[in-house]
Each structure stands twice: as C-alpha cells, then as structure tokens.
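Let me begin by presenting the structure, written as structure tokens, before commenting on it.
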Number of protein chains: 2
Amino acid sequence: MLIADAIDSQSAQILAANEVDMKNAAEQGLASAMVDRLCLTPERVKSVSDAVREVAEMPDLIGQEISSITRENGLLVSRVRIPLGVVAMIFESRPNVTSDAAALCLRSCNSVILRGGKEAIHSNLAICTAIRQGLVAAELPADAVQVFQTTDRAALLELLQQDESVDLVIPRGGEGLIRFVAEHSKIPVIMHFKGVCHVYVHEDADLKMACEIAVNAKASRPGVCNSAETILVDSAIAERFVPMLTAAMSCAGVEMRGDEETQKWAQVPVSSANEADWHAEYLDKIVAIRCVSDFDAAVEHIQNYGSNHTEAIITENESVSGQFLSVVHSGTVLVNASTRFADGGQLGLGAEIGISTTKLHAYGPMGAEGLTAVKFVVRGTGQVRK
Amino acid sequence: MLIADAIDSQSAQILAANEVDMKNAAEQGLASAMVDRLCLTPERVKSVSDAVREVAEMPDLIGQEISSITRENGLLVSRVRIPLGVVAMIFESRPNVTSDAAALCLRSCNSVILRGGKEAIHSNLAICTAIRQGLVAAELPADAVQVFQTTDRAALLELLQQDESVDLVIPRGGEGLIRFVAEHSKIPVIMHFKGVCHVYVHEDADLKMACEIAVNAKASRPGVCNSAETILVDSAIAERFVPMLTAAMSCAGVEMRGDEETQKWAQVPVSSANEADWHAEYLDKIVAIRCVSDFDAAVEHIQNYGSNHTEAIITENESVSGQFLSVVHSGTVLVNASTRFADGGQLGLGAEIGISTTKLHAYGPMGAEGLTAVKFVVRGTGQVRK
C-alpha cells in the first residue's frame, strides 16, 4: 500500500523518465508494438499503482495451511506455503513489469532482482526508486527490491550463473531474450516463448458476439502476448461469417491473411496465408484467418500451431464448449470471451509476474502463488516407523 | 486395481527374477545399503501391490476444479488439473520404484518411461510385465508404461535429449546418477541430491521419546534417504541424554562419530567427528552426533549442512516447536516423530514418485499431484476487454 502511494506521489517523475525513454525509442525507430509496451500515460501510471494496491490487498499466502489430515497413527500432516527465496526478473520494454514483479514478490515474501531492457531503463529506475521509498516507509529493507543499473549482456550472464543464491529466473519479452535466458541459465527458468493465440468460431456461435470478440482479441492491443493471431472459422458458417469478420477487421485497421475459402467469402482484400502465417506471432495489426471443416480440425490446428498460451471458442453449444475446455490444454482456455482476458489481473491473481507456457511449477498467468513452494509439516507424539 | 492384482498373481515370477538380481549383487559385492534396497521378499511384494492399490483408490485428480471465482464482469474463472504428459523415471536399485512410479503416473493420466539400474533389471522387467498385463486387462494401452530393456548410458543420454516428447524427468538414486541426469537433460528435472536429515533433541524433550525416535530415524532402514544422519543435542541436557542415546545406538549396532562434548558424556566408544561428517549422507549404520548451545545453533547447523530434505525436533515446548516449523524450510519438518515418515505413502500421498529438495514445482515427497499441472478455464457470455 505504501509502495502504491509512493508510485502515485512520484507519478510526475516517472512520466518524465518515461518521456526520455520514448524520445530515445523514436530516435531509434522502435517497432510500434514495442513503443506501445513502453509508453506510460498518467492513466497507465495510475493502473500501475492500482495493480500494486490490488496485490497488497490480497490475503496472506505465506504460512497458509493448504491442507491438513490426521493419519491412522495419529500424525497430523499439514502442507504450508513458504517463499521460494530470491527471484530474478529479466524483461524488456514494459515498465509496469517492474512494479508488478516487485509487488508480487514482496507479497509472497520473496526478494527480487529486476533487470529491464535498455529501452525502458529510465522508466524502470524511476519506478524502482518509488518502490524502494515505499519499502523504507514500511520499515522493510529497501534491498528486498534491487534493480540492475546496467543493461549489458555480460552482467546478465553473470547473474544467470548464481544458482546458489537465486532460486528462480523469469524472463518476459521477445522470443530471442527468452531463448537466451533459457540457454544460459543454471537457475530454473519459467518462460513463455510465444503467444500464438486462437479464436475458434464454431458453427453454433452467436455471430455478432464472435465478431466482437475476434476483433477485440486481435485489435484492442495487438502488441501483447494474449492478443489473437489466428481466427478459425467453421466452414458451415463461412459464407455468413467471413464477410462480417473481414469487414469488422478492416474497420479496425487490421491487415488480413487468409486461406482460399476465407478469400472467397471476404468482401475486403485478404492476402494469401501460407504455412508461416499459422505459426506467426505478429504482435501487430495483422491477423490470419482459416476456415476449418469441423471441431476436430480446429483442435488439430491449435495443437499443431498453438503455443500453449491461450485459446477461445465461440459457441452457444454447451456440449461443444465443454469438449473444447477438456481437450485443449493451453494455459488458459475460454468460452465466449476474448483471449485478452488471459492476464493475471483479469483472472483474479492481483497482477501477474509472467505467463508460463510450460507446465512445470506454474502454467498460464502466474501470480504471487506461483512464487511460493509448499512444505510438509508433521506433528507427532513420539511416533516411530516400523 | 487390476495392476495390483497382476502383481500379486505374478509374485512368484517377480521373486524369482529378484533372486537372479540378488545373486548377481552378491557376486559383485554390492554395498549392504544397495542390497537392502534391491531385496524383495513375499511381504515386500505384497507391500508393492498394496501401494498400487492405495494409489488406485485415491480420488480422481485430473479434471478436478481446484478453485472457481466469478469476476465483476461476469467471467467465471476456474482452475482445472491436467496431466503433464510423458514422465521419465531414471532410478537405481529399488524395484518398488517401478510399480510406484507407474501407478502414480497412470493415476494422474500421464504415460511413463521407466529406466532402472542394471542391478535390478530382472526384478524391474518382471514387475513391468505384470503392470502391462494389468493395463491390458483394464483395456488401456500397455505402452502407457514402457521400460528400458537396456541400462547403457548412451541410451539414457538419448532419452534426456527428447524435450519435444518427454515433459519431465525424475531421477531417483545416488547423487552421482542425479547429477548426471541434471547435467545432461534438456527436459526439466525434479531431483533430490542428498538426504542429510537431522533430529534435534531440544532441552525440553521427553528424553525417552527422543532416544526412541533418534534410533528409529537412524537404524530402522539406514539405506534410505529419510534416515537421519546427524543427531543434534542441546548442551543443557547432554550430560543426561548422551549416555542414553549412545547406549541405545550402540545396542542397535550403529557406529557413532561425535564432537568433543558428545565424546565426553558417551559411555560407549564414539570416534571423533570432523567437518566431513556433518555433510555426510552415510546411508549406513553410522551416525554423527553434535552438541549445540541452543535452538539458534541447531537451526544454524541445519541451514549450513542440511540438504532441504527432512528435519525433526523433539521437544515438549510448543512455542519452540512452532518456531522450528516456521523457520526451517526443508521439504518435510516434523515435531516428535521420526524422519522416516518423510515418505509419500506415510504422509497420505498414496505412494511417492520421488522426494524433491528443490522448491520449484514440487517440494518434499511428491505423489500423483506433483505429476499434474493446472490450467485456467474461463466461461463468458461475450465479454471483451476494454
């Protein structure tokens, strides 16, 4: 709470620092998706501090007893949450990662080392200064949150060797950064490589709803990982739905790449999609559209090209949606809602420290709970084992 | 259940195969701890099938909804358990690992690849044959459980590169094997390196109980990882307790290595312990004994020399035991009970697939739940994100 207050009270300084980063970004011709991730406004700073406040208000995790049983021999066996220890966050251009990560790590009694990208260094340092002031105000050690003052790779490599003192590394950013960290880290890594998210419009969909969701999933913030990259459409409804969809995408300024069937029904220009488009994470106002023969073909497409991040089905048929939810094992699966909800804050985790597309330890949006472990606590009265 | 029945009905074949392994072990002069792990008796085969039965009777994990909330915008957000996929178990001499691992993997809807040690190859193949017959009887694919027919290292190295098709590797055995797997695996590994477990006898302990627990923790099965290696004794009670402890250990045939204070009060021969003894996982009838000045010194010893496996405190003082349980973050911490209870079966997990001493994903004894992941399932009515 004191950290959120410190961020609010230093909003002007944070925005000024962000302006320096934005100016540098413009000079260096940074891609528009990157610039969107980097940019702070007074409203975004407020949403940064609000996210911290939401984390602060979460119930205590550490020391929580998550189960308790008494065995036949009288042993009382409980499972109790403990912190992981020290978490290192390696990220690129989004300055809100600084505060989200710090808040979540502190809430789960971990300390955190933050290493942001060079394009956001001024913003990150300004946010971190506010956080450390908040820690001091709360009579906690400021060093529980530390930020790298440098963004050179040698220092990062050195950090990734510290498996004796750092318990977990979480990289957030482009695939290049994540593969670099995964390859060089001696410390366990939780990662997502790509967000190739799908919206599958089933033949029993409410087509107006499907159209709204597909456009929202793609166009509301194309630079983030939970935006949709491919829309799958049941052939049975292609003649009715493709014209609606392509018109709406076109209005939203989205460039489209489609298979032959999509091109046939589209009433605005749609270029030809090739194999690479089904694999692509555009992170931009570009979408791939493919018509599929049925449910099984849609699931097969998702299994072949998806990245275990987020997939949505749009249908009014509950038996079909139930089947989708049970056979698609991505980190987040949705029915009749935008893929953009695959986000820790939106799903009730307070804020997220990352989105994992590998199943070990955490899967999907990862909040404070993902920063804890669980130990066994056993209370006896002299029991020995035969 | 059908697998357990198949194991029972092939008990004679399994024991005959085990006899071949035992004969080879004797010829090769295998260490007594290894021979103890390897040896099957009719009773042990029965406990093998009973462990499988206990796992079969566990409630279903997969598809289980572990939480569910409705967000302000009406989204219903649930978290649902899913399998990991394919698990590879790499282990050494204990044939019961074959059946425990297969049962736990199948119970959590994973398939499993088993690679046992060469000293147990005949026992493992016989148990696996029974398991696969059980699978066929249950109309499930026999190949959900596969066993390596070879124990050469090249084949193991090949397996450890298959990160596209295998989701998790769990090595069980000596430190050499575990380090080999951790070093060469491209697949995530859950491991425990060592079980350097402690029993701390606090000054407010019931000394008779403390003595029984210490002897049980060391001597009931010294070759396993949850047996105690070091007994810590508060100096305040050393004069009364060390004579009791050393006499009882001596009766149980345990060789002792102690610090000066222990040697001073011992009434049977205790050799001098050195720094290496505090680090040692003897896996044999040898124990280290050290007198400590107080609670803090005991905790400090555990933090310096422990392996995050299992530690017990013996005390009647509830404030002290509470403090021990909250500051010692080993996978299992106990009060007034033997370290030998740090075992999945004993703690209610049905059976264990391993004991993790690293906090990521699973910590402490790991049962079927450790072989699952949790995905987010979101049900909406057309929600889009602003």
Quick one: which of B:Val299, B:Val335, B:Val328 is β-branched (Val, Ile, Thr) and more than 20 Å from the chain's Cα centre (by Cα)? B:Val299
Here are the criteria: (1) surrounded by fewer than 22 Cβ atoms within 10 Å (Cβ to Cβ); (2) among the small types (Gly, Ala, Ser); (3) in contact (Cβ under 8 Å) with a residue 24 or more places away in the chain. Tell me which single one A:Ala142 does not satisfy. (3)
Pairs, first within 12 Å of chain A (Cβ to nearest Cβ) in the stretch B:193-209, second part of a strand (DSSP E or B) and among the small types (Gly, Ala, Ser), C-beta under 9 Å, six or more apart: B:Val199/B:Ala228; B:Val199/B:Ala312; B:Asp206/A:Gly382; B:Lys208/A:Gly382; B:Met209/A:Gly382
Going through the stretch A:92-103 in order, the residues found to be crowded, with 24+ Cβ neighbours inside 10 Å and over 21 Å from A:Arg53 (Cβ atoms) are A:Ser93
Of everything in the stretch A:285-339, what is buried (at least 18 other Cβ atoms within 10 Å of the Cβ), within 10 Å of chain B (Cβ to nearest Cβ) and hydroxyl-bearing (Ser, Thr, Tyr)? Give them in sequence order. A:Thr310, A:Ser321, A:Ser330, A:Thr332, A:Ser338, A:Thr339
Taking into account only those residues within the stretch B:126-153 that are assigned to a helix (DSSP H, G or I) and more than 14 Å from B:Ala6 (Cα to Cα), which is modelled with the lowest pLDDT? B:Arg153
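So which of A:Ser32, A:Ser68 is in contact with a Gly (Cβ under 9 Å, 6 or more places away or on another chain), farther than 22 Å from A:Gln13 by Cβ and hydroxyl-bearing (Ser, Thr, Tyr)?
Sole residue among the options that is in contact with a Gly (Cβ under 9 Å, 6 or more places away or on another chain), farther than 22 Å from A:Gln13 by Cβ and hydroxyl-bearing (Ser, Thr, Tyr): A:Ser32.
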Whether any residue in the stretch B:354-361 is at the interface with chain A (Cβ under 9 Å from one of its Cβ atoms) and either of a type in the set (Phe, Trp, Tyr) or closer than 30 Å to A:Leu334 by Cβ (or both) is what I want to check. yes
Among the residues of the stretch A:10-55 satisfying the criterion of being touching a residue at least 60 places away in the same chain (Cβ under 8 Å) and β-branched (Val, Ile, Thr), which is surrounded by the fewest Cβ atoms within 10 Å (Cβ to Cβ)? A:Val20
Identify all residues within the stretch B:219-232 that are crowded, with 21+ Cβ neighbours inside 10 Å and touching a residue at least 60 places away in the same chain (Cβ under 8 Å); write none if there are none. B:Pro222, B:Cys225, B:Asn226, B:Ser227, B:Ala228, B:Thr230, B:Leu232
For the stretch B:287-386, please list each of the strands (runs of 3 or more DSSP E) lying entirely inside it that holds at least 1 residues being among the small types (Gly, Ala, Ser) and at negative phi. B:310-314, B:332-337, B:354-356, B:372-383
For the stretch A:233-251, which positions are under 27 Å from the mean Cα position of the chain (by Cα) and surrounded by 23 or more Cβ atoms within 10 Å (Cβ to Cβ)? A:Val233, A:Leu245, A:Met249
Of those in the stretch A:162-187 that are without any contact (Cβ under 8 Å) to a residue 24 or more places away in the chain and within 14 Å of chain B (Cβ to nearest Cβ), the residue surrounded by the most Cβ atoms within 10 Å (Cβ to Cβ) is A:Ala182
What about B:Arg290, is it within 15 Å of the chain's Cα centre (by Cα), modelled with pLDDT of 95 or more and under 25 Å from B:Val270 (Cα atoms)? no
What about B:Ala247, is it within 14 Å of chain A (Cβ to nearest Cβ) and of a type in the set (A, V, I, L, M)? no
Any residue at all in the stretch B:113-136 that's touching a residue at least 60 places away in the same chain (Cβ under 8 Å), surrounded by fewer than 24 Cβ atoms within 10 Å (Cβ to Cβ) and on the phi > 0 side of the Ramachandran plot? no
Could you go through the stretch A:362-375 and let me know if any residue there is modelled with pLDDT of 95 or more, over 24 Å from the mean Cα position of the chain (by Cα) and facing another protein chain (nearest Cβ under 7 Å). yes
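Please note which helices (runs of 4 or more DSSP H) are completely contained in the stretch A:1-113 and include at least 1 residues that are among the hydrophobic types (A, V, I, L, M, F, W, C) and under 20 Å from the mean Cα position of the chain (by Cα).
In the stretch A:1-113, the matching helices (runs of 4 or more DSSP H) lie at A:32-38, A:42-56, A:96-107.
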Would you check which residues across the stretch B:345-364 are out of contact with any Phe, Trp or Tyr (no Cβ under 7 Å at 6 or more places or on another chain) and either closer than 23 Å to A:Thr357 by Cβ or without any contact (Cβ under 8 Å) to a residue 60 or more places away in the chain (or both) and list them? B:Gln346, B:Gly348, B:Leu349, B:Thr358, B:Lys359, B:Leu360, B:His361, B:Ala362, B:Tyr363
Selection from the stretch A:65-82 of residues that are of a type in the set (S, T, N, Q), under 22 Å from B:Thr357 (Cβ atoms) and modelled with pLDDT of 95 or more: A:Ser78
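The values are calculated or read from the model by the stated rules, or taken from the named source; none is laboratory data. The model shown is predicted, which means the values in this text are computed figures rather than measured ones. Backbone-built Cβ (ideal geometry, glycine too); neighbour counts: all protein chains shown.
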